[in-house]
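The values are calculated or read from the model by the stated rules, or taken from the named source; none is laboratory data. The structure displayed is predicted, hence computed values, not measured ones. For neighbour counting, all protein chains shown are included, and Cβ atoms are generated from backbone atoms with ideal geometry for every residue, glycine included.
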Amino acid sequence: MTQLGLDFSLLTQWTAFVAVSEQIYNSDPTLTAESSVPPATVTGVSAKAYSKVPHGGHAAPEPTSWLGILLLLGMFGGLLWRQYQVETLSDAYRS
């Protein structure tokens, strides 16, 4: 199966296509200067809006996540309240 995929340039579960260039772009990587790439900025926004400290994400959930959490808590609270009311009414009828 693998040989058939290789012979006819077919994608199989055992083969993959990798792009290879014959041109050498960097003959000596040790001489390549390293530099940090600045983040993309929005036109008209002051540089003060961007953090100088690199970070990998946010410390708090997104607003939609907060909304989902509040919705679930509200539903759970409603179920508990409903259960409380049912138990209270059934105790009142039993007495």
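Is one or more of the residues making up the range 61-68 at pLDDT 80 or above and assigned to a loop (DSSP other than H, G, I, E, B)? Yes: one or more hits. Scan the range 1-43 for residues that are in a helix (DSSP H, G or I) and hydrophobic (A, V, I, L, M, F, W, C) and the total you get is 3.
Could you list, ordered by first residue, the pairs with Cβ atoms under 6 Å in which the first is in the range 11-36 and within 16 Å of MET1 (Cβ to Cβ) and the second is among the hydrophobic types (A, V, I, L, M, F, W, C), at least 6 apart or interchain? Every condition considered, the pairs that remain are THR12/MET1.
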